[in-house]
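Values quoted throughout were computed directly from the atomic coordinates according to the rules given, and no laboratory measurement underlies them. Here the structure is a predicted model, which means the values were calculated and not measured. So basically every Cβ, Gly included, is an ideal-geometry build from the backbone, and we count neighbours across all protein chains shown.
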Amino acid sequence: MPLDTTTKQQLIGSHQIHATDTGSVEVQVAMLTERVSKLSGHLQQNKHDFSSRQGLLKMIGRRKRLLTYLRSMNETRYKKLIQQLGIRG
């Protein structure tokens, strides 16, 4: 389930580090989090959609790797992002 352009622009605007930032770890994690939440809602309705479930697990794994990378590089940015997105506790 892709994100529409307006949602994507809002996520980029709220999580970017500088004016032209579209691919930083924070932006990527925010987009993945939004896609995960949409896809989990879809899977609650369609319990037997196993290919979407596999895609969801891949997205969660990618988000986990990005968060691990961010935590190893900059702990304060990691904590700020976790608090903004409301994930991990």
With Rg and Dmax of the Cα atoms in Å defined as stated, name the option among (1) 15.3, 44; (2) 13.7, 42; (3) 18.8, 59 computed from the structure displayed. (2)
Two-site FRET efficiency, LYS64 against ASP4, from Cβ-Cβ distance with R₀ of 25 Å, rounded to 0.05: 0.50
Two pseudo-spin positions, 7 Å from Cα along C-beta at ILE87 and at PHE50, lie apart in nanometres by 2.6 nm
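Placing +1 at every Lys and Arg Cβ and -1 at every Asp and Glu Cβ, with all other atoms neutral, what dipole size does region 24-85 have around its Cα centre, in debye to the nearest 20?
The dipole of region 24-85 has a size of about 140 debye.
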Using 1/(1 + (r/R0)^6) with R0 = 22 angstrom and r between the beta carbons of HIS18 and LEU57, what's the FRET efficiency to the nearest 0.05? 0.10
On a 22 Å Cα-Cα criterion, which of the cross-link pairs LYS8/LYS64; LYS47/LYS80; LYS47/LYS79; LYS38/LYS64 come out too long? LYS47/LYS80; LYS47/LYS79
So what is the relative contact order for region 24-85, in percent, with contacts set as C-alpha pairs under 8 Å and at least six apart? 41 percent
Comparing LEU67, LEU32, LEU57 in a Gaussian network model of the chain (Cα, 10 Å), the one with the largest mean-square fluctuation is LEU57
